[in-house]
1. Based on this model, can you work out whether residue A:200 counts as crowded, with 21+ Cβ neighbours inside 10 Å and in contact with a strand residue (DSSP E or B) (Cβ under 9 Å, 6 or more places away or on another chain)?
2. Given (1) closer than 24 Å to residue A:99 by Cα; (2) more than 8 Å from every other protein chain (Cβ to nearest Cβ); (3) buried (at least 24 other Cβ atoms within 10 Å of the Cβ), where does residue B:87 come up short, assuming only one miss?
3. Within 14 Å of chain A (Cβ to nearest Cβ), surrounded by 13 or more Cβ atoms within 10 Å (Cβ to Cβ) and either closer than 30 Å to residue B:103 by Cβ or within 14 Å of DNA strand D (Cβ to nearest atom) (or both): is that true of residue B:44 in this structure?
4. Got a sec? Which of A:123, A:191, A:138 is within 22 Å of the chain's Cα centre (by Cα) and within 13 Å of chain B (Cβ to nearest Cβ)?
5. Is it the case that segment A:28-42 has a residue that's near DNA strand C (Cβ under 8 Å from one of its atoms) and either out of contact with any helix residue (DSSP H, G or I) (no Cβ under 6 Å at 6 or more places or on another chain) or more than 20 Å from residue A:119 (Cβ to Cβ) (or both)?
6. So, residue A:211, is that one buried (at least 16 other Cβ atoms within 10 Å of the Cβ) and away from chain B (no Cβ under 14 Å) or not?
7. Scan segment A:236-268 for residues that are assigned to a loop (DSSP other than H, G, I, E, B) and more than 18 Å from residue A:165 (Cα to Cα) and jot them down.
8. Can you pull out the residues in segment A:223-254 that are touching a residue at least 60 places away in the same chain (Cβ under 8 Å) and more than 22 Å from residue A:331 (Cβ to Cβ)?
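The values are calculated or read from the model by the stated rules, or taken from the named source; none is laboratory data. Bear in mind that the values here come from a model prediction, so they are computed numbers and not experimental data. Using ideal geometry, Cβ is built from the backbone for each residue, glycine included, and neighbour counts are taken over all protein chains shown.
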DNA sequence: TTGAAAGCGATACCAA
DNA sequence: TTGGTATCGCTTTCAA
């Protein structure tokens, strides 16, 4: 309710001085500043973000764009970003696409983002060429978390490496017949396809590096969903094809696979080993071995870089954050450890 | 980049007319309006929220306060609220307390919320008397989701009923020795304690209504966490106390209990039946019978009511949304269906 | 139906 | 170090 004029009057100074004092800028004597600070607090004065935004041209807010907010990865990144932004006195304006593709068009086309924030933090969004141009034209500092986009700085893990670590783990245990459950092909939303592509690549690279023949490289599509992975796994098992090891591109899909295996009477890890990627909380509940990433820190880091950009045009580069291998009990050496490279496909045949 | 003056010039009218036309207000001829709309789109004009906010006094944004954003319930409610707000052309400013209690003080004390939004949507927050006074003084329309607060309208399920339904389900199956795993006592954050209290009450009411003696009413503290529930359940089993049925105040705690039971070699539902409350995605993965709520719709409804309030001071009342009983395979009649009311405590003794 | 002009509350420049 | 004042872009009132 109180505005800057009230504070100025109470302190016996001009609004200009109050503004300087509150913004922590120089050219205010210590005594004056202290008095102003005290009075402002007493009066419960909070600057109008509209007024200051209008005059100064910046909103002290950041627009965060997410495909959806109700997902472990997205919400954890946002939580991390929020922590960092809040510390810097910035607000977070959330834009959830929520499966509504029109929303996305509007967001970019009408350059709404720039009106609400001094920067944009986008999660797993695959910017089109036009969208990138828009952002560049608006001179809006931009950061991406989850999947690199040409020309935009980002924070993320080495997706390729993560999947490779998971695959190598099974290879080292002695598995040779390793199935990959891939993500991607999600509903409508134009998510960044590089995440699923690179994870698949990591699996393939590891298999080839281990000398596995091309025909040993096989996968099913789990669409980053436990339910879909479960269904596809069911079909595969129905067809009589039982790998000794499974690498899922996400923990949720790994859980879907475990459920399908259990339903067929197969035990994990005795009959089949399963390893995931992500470090999703559900992994612990299923005692799933996984390659964990830390989305909270990614959000935090991205927000920090964005703030640097907004402030001083720092030219830091994209950041790759490390992953951590988390061994649990869903993986073990294959039952028939003698299985050679030439008979892997048939070595694990069984009846459910 | 284009501002209202550009549009006005292009259309050959005054900025006043442009403003009226774009806001969809009367006193603009159809032809003029159409021309303005077309030109505004062509120029990619988006009104400055700062300027319009400053002049009109409202921000066309809503402040959403959450204890954390990285949790199923919170993020789902926010997703629902976002969908509704977006439809109405409102932005969502997210304030996550993120376990930082100082954050909360600041938020309310400095009446920051009112500066950023035309209304406040708070999740599971237990407003203090002072905080309520603050909001009332600011004349900020407020809605709560998750736990009623005296004097503030809210959207939520009947927590009591939800737990009662879960309990009655076990009672109807013939269980008599039913343990309750309660939530509450969470870390620092002053979450609304009524959710856990009322769920506990629902359990107790159902037990009493079924004629169970007071000593049959027993519970352990799971703090709304799978890990804690699991640990407490372990201790209980260690002590040799094995109920035939368990009602958990949340699905996550129910899963924790299932894990502890499994670790002791107890089967669900053959040895022990477990039922949860929430309808959390993890429930399906564990085939957990539960009483489901729909947080997305709650968020949507709350946002709708808040918008009504902001617009026209509608005096709608708080809303109770229904829950849905979702039977799965974690519950079954007790093994020893003959167990009478007098020997329930010992009827299910066993060795793991 | 339309336009002219006065502000909304802060900031930033320039002068003192 | 301080104060006066123009100004940010829009909405709104009042007059035409």
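1. Numbers: crowded, with 21+ Cβ neighbours inside 10 Å: yes; in contact with a strand residue (DSSP E or B) (Cβ under 9 Å, 6 or more places away or on another chain): yes.
Taking the combined requirement at face value, the residue satisfies it.
2. Condition (3) is where residue B:87 drops out.
3. On the way: within 14 Å of chain A (Cβ to nearest Cβ): yes; surrounded by 13 or more Cβ atoms within 10 Å (Cβ to Cβ): yes; either closer than 30 Å to residue B:103 by Cβ or within 14 Å of DNA strand D (Cβ to nearest atom) (or both): yes.
So residue B:44 fits the description; yes.
4. Details: A:191 fails: within 13 Å of chain B (Cβ to nearest Cβ); A:138 fails: within 22 Å of the chain's Cα centre (by Cα).
Criteria check complete, one pass: A:123.
5. Initially, segment A:28-42 is screened for residues near DNA strand C (Cβ under 8 Å from one of its atoms), giving none.
Within segment A:28-42, none of the residues are near DNA strand C (Cβ under 8 Å from one of its atoms) and either out of contact with any helix residue (DSSP H, G or I) (no Cβ under 6 Å at 6 or more places or on another chain) or more than 20 Å from residue A:119 (Cβ to Cβ) (or both).
6. Details: buried (at least 16 other Cβ atoms within 10 Å of the Cβ): no; away from chain B (no Cβ under 14 Å): yes.
Considered against the rule, which asks whether it is buried (at least 16 other Cβ atoms within 10 Å of the Cβ) and away from chain B (no Cβ under 14 Å), residue A:211 comes out as no.
7. At the first step, the residues of segment A:236-268 found to be assigned to a loop (DSSP other than H, G, I, E, B) are A:239-244, A:249-250, A:264-268.
Within segment A:236-268, A:239, A:240, A:241, A:242, A:243, A:264, A:265, A:266, A:267, A:268 qualify.
8. Scanning segment A:223-254 gives a single hit, A:240.
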